[in-house]
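This report refers to the structure that appears directly beneath it.
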Amino acid sequence: MSFSDFAKNTNKGRGTSRPRDEDQEGDLPEGNVFQLTTRVAAYKRMVDLIGTKKDTKQHRARLKEAGDDIGTLAKRTSAALKQS
């Protein structure tokens, strides 16, 4: 069972159905949770490079940007989950 299959199955018994078009896909909590998981895994890989030859100013800038993006996505996800 994939994550999207799980998400579809969890919505069945609630009695509410939301249209799922391209514009709303980014604000669905299950999609956001998947994005968070993916981005945090990538962030961990980036953190693991600190102290190696690949640790440059550009790498640190990308690391900070990724951390900021994760924080923003976490806030959006939290708000979407509270709305659900």
When the Karplus curve 6.51 cos²θ - 1.76 cosθ + 1.60 is applied with θ = phi - 60°, which whole-Hz ³J(HN,Hα) does each residue of the range 31-47 get, with x for Gly and Pro?
x, 5, 5, 4, 5, 4, 4, 5, 5, 5, 5, 5, 4, 4, 4, 5, 5
What is the local net charge at Leu63, summed over the other residues whose Cβ is closer than 15 Å to its Cβ (Lys, Arg +1; Asp, Glu -1)?
+3
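FYI, it's all coordinate maths here, none of it is from the lab. Remember, predicted model here, so these are calculated numbers, not experimental data. We place every Cβ from the backbone using ideal geometry, glycine too, and count neighbours over all the protein chains shown.
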